[in-house]
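Here the structure comes first, spelled out in structure tokens, and everything after it is commentary.
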Amino acid sequence: MIDLGPHAVYIVWAYLGVAVAIAALIGFKLVESRRLSARLAALETAGADRSATHP
Amino acid sequence: MNVENTSKQSWWTRIAHPGQFVAWSRRLLVPLWIATAALFVLGLWLAFFASPEDYQMGDTVRIMYVHVPTAWLSQFVYGVMSVSAIGTLVWRHPMADVSMKAAAPLGATFTALALYTGALWGRPTWGTFWEWDGRMTSTLVLLLIYFGIVALWRAFDDQLRAARIVAVFTLVGAVNIPIIKFSVDWWATLHQPASVFRLDGPTMPGSILTPLFVMVFAFTALFLTLHLIGMHTEVRRRRVMSLERRLAQRGAA
């Protein structure tokens, strides 16, 4: 690893903060996407997408 | 709609119909993830191993490689939302409000990161984490506008009605974007004036400008990927709400 000089702590915290926030954002988006896909599949399996007049 | 008609659908229908949009744009996700990852690997390598330290700021210049891209996205995402708001108000485009809604939390995150990295860069460079100057204050106002937009979306059950109100609010808030851009010219500020896009060319050497551009492209690719995933999720959420409503009505009948 390169020497980041006397202000290394600011550089490390800046990159660490961005990395954690982006990892959390990606994780949240993927979990939300899978949760809704699963719910949609469950509703379609239950026949919610079929018309009430043509069961 | 039969199969023959489906194959002849116009590009407008393919963009406007939520189901069609998800079907064709899903294929873009893998290339977008690969491009994002490759750009980040290259950008981080350039930022830490190929870029020299600045003659005045020393190694803290490396904070610029995460600060400038997040600051750029804080405004670019708002631009995407403003164009989508016009799509909602003028054409009632079904995917325009989906795009607006999916972009808002991403814009808020990138704006918060721009303020966070700016504070950490400001302390060793200017001697302070925060100063109420034009650029920082107008960026904080942008973050509050993003929070307001996210809250407005959650305040309405009827998402079509919410879309029109949010679209008007978004376009009114767009006045803040040129204020952020020109704040360094209009008021006394700790920020330097524009140093990349200038009539007389960038004031940075290529060894610093190259990693900066690669990181800007990496963050922009990340936004495009997450925005697309967010739009797919929002389409599914509306379908789920519609099916749950139908099930409830059937149960009540």
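Just so it is clear, none of the values below were taken in a lab; they were calculated from the coordinates. Since the model is a prediction, treat every value here as computed from it, not as a measurement. When we count neighbours, we look across all protein chains shown, and the Cβ atoms used for this are built from the backbone with ideal geometry, even at glycine.
Assorted remarks:
- Global size of segment B:88-139 as Cα Rg and Dmax, reported in angstrom: 16.5, 50
- Summed over qualifying helices (DSSP H, 4 residues or more, each -39500 (n - 2.57)) and divided by its residue number, chain A shows a 222 nm mean residue ellipticity of -25500 deg cm²/dmol.
- Sorted into 20 angstrom bins from 0, the C-alpha pair distances of the protein assembly as shown split as 28, 52, 17, 2 percent.
- For chain B, calculated [θ]222 nm from helices alone, where every DSSP H run of n ≥ 4 adds -39500 (n - 2.57): -26000 deg cm²/dmol
- If you model chain B as an ellipsoid using its alpha carbon gyration tensor, with each semi-axis the square root of five times an eigenvalue, the axes come out at 39, 22, 16 Å, biggest first.
- Exercise: per-residue mean of other protein chain Cβ atoms within 10 Å, A:14-27: 5
- Projected-area average for segment B:62-212 over all orientations - Cα convex hull basis, square nanometres: 9.9 nm²
- HN-Hα J in Hz across segment B:168-179 - Karplus 6.51, -1.76, 1.60, θ = phi - 60°, x for Gly and Pro: 5, 4, 4, 5, 5, x, 5, 4, 6, 5, x, 5
- Crossing angle, helix B:29-45 versus chain B [Cα axis fit, 0-90 degrees, rounded to tens]: 10 degrees
- Using only side-chain charges placed at the Cβ, +1 for Lys and Arg and -1 for Asp and Glu, the dipole size of the protein assembly as shown relative to its Cα centre rounds to 1520 debye.
- In Hz, Karplus ³J(HN,Hα) per residue of segment B:124-129 (6.51, -1.76, 1.60; θ = phi - 60°; x = Gly, Pro): x, 8, 9, x, 8, 6
- Annotation: extensible slack from B:Ser10 through B:Leu28 equals 4.6 nm (criterion: 0.36 nm per residue apart, minus Cα-Cα distance).
- Sum of side-chain charges, B:Trp187 neighbourhood, beta-carbon under 15 Å (Lys, Arg +1; Asp, Glu -1): -1
- For chain A, the equivalent ellipsoid derived from the alpha-carbon gyration tensor has semi-axes of 50, 7, 5 Å in decreasing order.
- Once both labels are positioned 7 Å from their Cα atoms along Cα-to-Cβ, the gap between B:Ala35 and B:Trp187 label points is 3.7 nm.
- Separation of the B:Val141 and B:Met204 label points, Cα + 7 Å toward Cβ, nm: 2.6 nm
- Distance in nm between pseudo-label sites at B:Ala174 and B:Asp157 (7 Å out along the Cβ direction from Cα): 3.2 nm
- Solution diffusion estimate, µm²/s, Stokes-Einstein, segment B:152-227, Kirkwood Rh from C-alpha pairs, 20 °C, viscosity 1.002 mPa s: 133 µm²/s
- Between segment A:1-43 and segment B:42-86, the alpha-carbon center distance in angstrom: 17 Å
- Segment B:1-143: radius of gyration and largest Cα-Cα distance (Dmax), Å: 20.5, 67
- Estimated FRET transfer efficiency when R0 is 41 angstrom, pair B:Val83-A:Val9 (beta carbons, to 0.05): 0.55
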